[in-house]
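What follows draws every value from the coordinates through simple rules; no lab data is involved. On a predicted model such as this, the values are computed, not experimentally measured, just so you know. All Cβ positions, even for glycine, are placed from backbone atoms using ideal geometry, and neighbour counts span all protein chains on display.
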């Protein structure tokens, strides 16, 4: 009898394939919309669950976490609302076109959902007549958002982190384990035939990677009913 394939084992959520809760004990968010004024960066910390360093910001009696921007330092003052400066959290209608921003809200007050990885930023493109703004994302696609959505001005720190090599397999192991990533990755055709739908291969006769649309979870691997495969000339 074969064993469960990796997709099934991970989907079950056993301890082997479950991320440490300690890694996700810091949540990125903004204060309520009504909260405005001067805030202070009281710490810049490393979070295992995030690719960028986080800055712990205090405004009045409450604190929140936000990805750190390039040049951020402990003790720096930033503003919520009003002024348009690097590190400030401002509504989109108060940001000039061409400004780089990150941690953008999809809906006013949701705390920021887009552009939160290290080194990334989007660009405010233009304001439209129906109280909305056009934002150009890093992949050059444009999205339309409500002008009352908030964003942080600047570029997220940590750019170039993927350029630094891990050097040893041990470092890579612990990094991938921290975020519950599947590593090392084994090619499916290297499995025994009983352990995976693509298992064995028996020389050159490798099985098709196209799965049926209504295939059960254990068989739903590879291309799921694609319209076409191969290189488009």
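Show me, bin by bin at 10 Å from 0, the whole-percent P(r) of the stretch 57-103 based on Cα pairs.
Cα pair-distance distribution for the stretch 57-103, in percent: 23, 57, 20, 1.
How many angstrom lie between the Cα centre of the stretch 145-218 and the Cα centre of the stretch 60-78?
What the calculation gives is 33 Å, centre to centre.
Based solely on C-alpha atoms, express the radius of gyration and the Dmax of the chain in angstrom.
22.8, 68
Given only helices, namely DSSP H runs of n ≥ 4 each adding -39500 (n - 2.57), what is the per-residue ellipticity at 222 nm of the chain, to the nearest 500 deg cm²/dmol? Intermediate results must be reported in sequence, preceding the final value.
Details: 2 runs with 17 residues, N = 233.
Rounded to the nearest 500, the figure is -2000 deg cm²/dmol.
Any chance you could run the full-extension gain for residue 36 through residue 207? It's 0.36 nm times the residue separation minus the Cα-Cα distance, nm to one decimal. Working shown, then result.
Values: separation 171, 0.36 × 171 = 61.56 nm, distance 6.02 nm.
Contour length minus Cα-Cα distance gives 55.5 nm.
Please order 167, 124, 19 by the number of other Cβ within 10 Å, starting at the fewest.
167, 19, 124
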